[in-house]
1. Identify, from the list B:Val148, B:Val85, B:Val48, B:Val107, the residue that is of a type in the set (Val, Ile, Thr) and within 15 Å of A:Phe3 (Cβ to Cβ).
2. Would you pick out the residues in segment A:61-89 that are at positive phi and in contact with a helix residue (DSSP H, G or I) (Cβ under 9 Å, 6 or more places away or on another chain)?
3. For segment A:90-109, name all the residues that are on the phi > 0 side of the Ramachandran plot and at pLDDT 95 or above.
4. Do any residues in segment B:180-193 that are without any contact (Cβ under 8 Å) to a residue 12 or more places away in the chain and not assigned by TED's automatic domain parsing to the domain that holds B:Ala146 have Cβ atoms under 7 Å from those of residues that are assigned to a helix (DSSP H, G or I) and surrounded by 15 or more Cβ atoms within 10 Å (Cβ to Cβ), where the two are at least six apart or on different chains, and which pairs are they?
5. For segment B:115-135, which residues satisfy the criterion of being in contact (Cβ under 8 Å) with a residue 12 or more places away in the chain, assigned to a helix (DSSP H, G or I) and either within 14 Å of chain A (Cβ to nearest Cβ) or not β-branched (Val, Ile, Thr) (or both)?
6. If you check B:Tyr105 against the conditions, is it surrounded by 21 or more Cβ atoms within 10 Å (Cβ to Cβ), in contact (Cβ under 8 Å) with a residue 12 or more places away in the chain and among the aromatic types (Phe, Trp, Tyr)?
7. So A:Gln100 clears everything in (1) out of contact with any Ser or Thr (no Cβ under 9 Å at 6 or more places or on another chain); (2) facing chain B (nearest Cβ under 7 Å); (3) surrounded by fewer than 21 Cβ atoms within 10 Å (Cβ to Cβ) except one condition, right? Which one?
Protein chains: 2
Amino acid sequence: MQFTSAIVENAVDALSGFPGIGRRTALRLVMHLMNRPEAEVVRLADAVLKLKTELQLCSICGNVSDSGLCTVCANPMRNQKQICVVEDFSDQMAIEATSQYGGVYHVLGGLISPMDGVGPEELNISTLISRAAQEGTDEIIMAFSATVEGDTTMFYLARKLRDMPVKITCISRGISVGGEIEYADEITLGRSLANRTEYKV
Amino acid sequence: MQFTSAIVENAVDALSGFPGIGRRTALRLVMHLMNRPEAEVVRLADAVLKLKTELQLCSICGNVSDSGLCTVCANPMRNQKQICVVEDFSDQMAIEATSQYGGVYHVLGGLISPMDGVGPEELNISTLISRAAQEGTDEIIMAFSATVEGDTTMFYLARKLRDMPVKITCISRGISVGGEIEYADEITLGRSLANRTEYKV
């Protein structure tokens with residue numbers, strides 16, 4: 001691309017650094033911004049900057065927060081005895097969106113992945129151990145993606161926590177609701193058979 | 001989406017204002033930014049801001065520029081007698097990318113579109129008229145998209161310019177290079193038949 005303006009080129013360069021956004025899409029975004037009111041562009045630049053300058057992590061659970069304590073941990077209506085461990089805040093939001101969970105969370109900030117050089121010490125695990133050891137904690141729910149990294153992290157945490165007086169559970173895996181057996185992959189189907197539960201009427 | 005941080009929420013709101021970017025994608029972009037070094041995020045915010053605060057339009061052709069004169073108009077190697085009229089700077093870049101054009105440009109900043117309330121007075125047309133009237137200008141090439149708006153603008157400009165001693169041309173339309181007749185739409189095929197050119201060997 002040959003630009004007549006370095007300002008436009010810099011903006012295209014910066015925006016095409018996003019995952020999934022190439023230079024053509026970045027150019028389209030730049031043209032969109034050029035046509036927006038200045039106040040809106042200032043708001044965007046400001047919102048993006050604050051992600052690095054003002055965003056904090058909750059001192060209890062490690063989730064993103066504005067004040068050092070996230071809205072879930074600060075909420076006295078939540079059951080502090082039940083802790084759901086998740087990879088990152090987008091997984092926390094996905095669980096929150098189900099409206100099925102009334103406990104609190106613990107955000108690891110990633111999963112154990114030797115391939116990517118992420119070991120247990122890179123993750124927010126030590127505070128989880130102390131939370132689990134605290135009197136009053138009943139249950140640790142592990143809610144990780146069904147990947148090698150999720151399984152590894154689950155195995156590691158379960159071994160770390162097994163001598164503590166807390167119940168350790170993990171979310172169930174199997175055929176998606178609405179999913180058809182015919183189209184399920186072999187591993188999922190095999191596991192859901194192995195982990196069958198008693199059906200009571 | 002229920003956010004535990006207003007800072008994250010504001011950034012998602014701002015990024016989902018882009019065309020083609022929904023809240024889920026915006027969340028993914030925000031997570032990407034959170035993991036980047038602060039300097040990179042500052043560079044992005046700065047590049048975006050400058051689009052509104054520092055970007056200028058070339059005083060000759062209306063293209064985007066850093067200094068009031070674009071790199072094409074400032075280049076003494078370009079043929080100033082040939083002016084290619086385009087809708088916006090992305091079309092100018094597309095033509096420049098062909099490496100087939102050595103003249104200068106004129107950027108209208110849009111096309112005439114009564115449906116969108118864009119009339120000739122909203123566009124950078126009056127300066128084009130004076131450029132066409134200048135001694136030394138040989139040819140005005142109209143290079144617009146093959147849409148109703150492009151055709152309307154072409155018709156309007158041709159009428160405005162027809163009494164001036166300049167040659168008025170437009171880019172050819174027809175079957176794309178590599179395109180097969182079988183799959184060409186009827187209108188394109190009909191036009192390319194009507195506008196057939198003599199084939200010399």
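1. Unique residue meeting the criteria: B:Val107.
2. Across segment A:61-89, the qualifying residue is only A:Gly62.
3. Once the filter is applied, which keeps residues that are on the phi > 0 side of the Ramachandran plot and at pLDDT 95 or above, segment A:90-109 yields nothing.
4. Listed by first residue and then by second, the contacts come to B:Ile181/B:Leu189.
5. Hits for segment B:115-135 are B:Pro120, B:Glu122, B:Leu128, B:Arg131, B:Ala132, B:Ala133.
6. The answer is yes for B:Tyr105.
7. That leaves (2) as the condition not met.
Results for (1) more than 9 Å from every other protein chain (Cβ to nearest Cβ); (2) surrounded by 21 or more Cβ atoms within 10 Å (Cβ to Cβ); (3) closer than 30 Å to A:Cys170 by Cα, shown as yes or no for each residue.
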site	(1), (2), (3)
A:Arg23	yes, no, no
A:Ala26	yes, no, no
A:Val30	no, yes, no
A:Arg36	no, no, no
A:Asp46	no, no, no
A:Cys58	no, yes, yes
A:Gly62	yes, yes, yes
A:Val72	no, yes, yes
A:Gln82	yes, no, yes
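The values are calculated or read from the model by the stated rules, or taken from the named source; none is laboratory data. Keep in mind that this is a model prediction, so the values were computed, not measured. Cβ sites come from the backbone with ideal geometry, for glycine too, and all protein chains shown count toward neighbours.
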